[in-house]
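Heads up: the structure comes next, in structure tokens.
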């Protein structure tokens, strides 16, 4: 169908391309390749969670939920946060349930970023950050993480801050690299922002997927940061139910008031029986406290299975992604390499150059290991033959 020739459109994002996750998942489906690209499990969520969802559907909890989220879920998440990080949020006014963490990021950015404001982000980044900033007329200011361990150069952060800096987006455990913030990083952040009016947007969706004895340095642990932060997480990532699209955001009252002004006109309310199911499920903390061991086993299995391959792993301590360099295999750029990997070898991965503004190609690609053990075994067998 052709659009009416009298209609003239001016794109808000003329250079924006289809997400690499959509591209690679579609290619994986077309080629019948093992999909280690997009970040979702190929194993089911807990059967009790399914049973709880069904129970609440049968009870009649199928109509609109309150705009901020059902009260029992907000209360249980606030209690969980206090137990883990010591922060005391008001369940009535300082937490909102969202359609996944990405909606929460959009609402937070839209609530505080005005035209001309600058927002600092670290590259490689989660690909939604830049479009969200630009939709609000903001300017993304990118700072590359320092190889080989993808650490933040805090001197660069100090250098980039000016009177136009409105926000800094923090992401730990970090997607796509698996790097995690240390307490020293947090102390640097505290010193940098303490005399400013900078708002922090903390993307913590992998908060429970952290390994090797590391602790998640949530901004909710630190009162000096909590008072200026949106803290965002994901129940879908935590409980292996990404398709349910339930996330949440916590922030001080004045920030949350502005956040809800945006949220109410994006989705208004979120899947009602899912919220009640999660509220009940959270009463058993072992479901999230056991995640570090669960995912470390999968990461270690994947690394062990691929240790004889020509792919060299990059050290990670969190998320369910493993970066690997293929520089010993090919001189191709990473986009060409992952395409050939999917078509010729039937393994789908993600190139990391797409998460850099200048397309920086480090010959590093990302694999998702949130998969059944047999899936990882099949994938590793192929990788070891390349």
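Here are some notes:
- Mean sequence separation of contacting Cα pairs (under 8 Å, at least six apart), scaled by the length of segment 63-285, corresponds to a relative contact order of 31 percent.
- For peptides 346-358, 3-15, sequence by mean Cβ density within 10 Å, most packed first: 346-358, 3-15
- Relative contact order computed over the chain (Cα-Cα under 8 Å; 6+ residues apart), in percent: 25 percent
- Residue order for 139, 261, 237, fewest other beta carbons within 10 angstrom first, comes to 261, 139, 237.
- Segment 43-90 versus segment 155-187: alpha-carbon centroid distance in Å: 30 Å
- In plain terms, the residue of 150, 40 with the fewest other Cβ atoms within 10 Å comes first and the most crowded comes last, giving 40, 150.
- Computed over segment 63-285, the P(r) tail beyond 32 angstrom holds 13 percent of alpha carbon pairs.
- Calculated [222 nm] ellipticity per residue, helices only, for the chain: -11500 deg cm²/dmol; basis is -39500 (n - 2.57) per DSSP H run with n ≥ 4, divided by all residues, nearest 500.
- Here the translational diffusion coefficient of the chain follows from Stokes-Einstein with Rh set to the Kirkwood radius across Cα pairs; for 37 °C and 0.692 mPa s it amounts to 151 µm²/s.
- Ordered by the number of other Cβ atoms lying within 10 Å of each residue's own Cβ, fewest first, 319, 272 fall into the sequence 272, 319.
- Of all DSSP bridge pairs formed entirely within segment 63-285, close to 35 percent run antiparallel.
- For the chain, share of DSSP beta bridges that run antiparallel, in % to the nearest 5: 50 percent
- Highest-first arrangement of 195-207, 98-110, 288-300, where packing means the average Cβ count within 10 Å: 98-110, 195-207, 288-300
- With all pairs of separate Cα atoms included, segment 240-386 yields a Kirkwood hydrodynamic radius of 18.3 Å.
- Cα gyration tensor of segment 110-178 - equivalent ellipsoid semi-axes, whole Å, descending: 21, 15, 8
The numbers here are math on the coordinates, done by the rules we state, and not lab data. These figures come from a predicted structure and were not determined experimentally. No Cβ is skipped: glycine too gets one built from the backbone with ideal geometry, and neighbour counts run over all protein chains shown.
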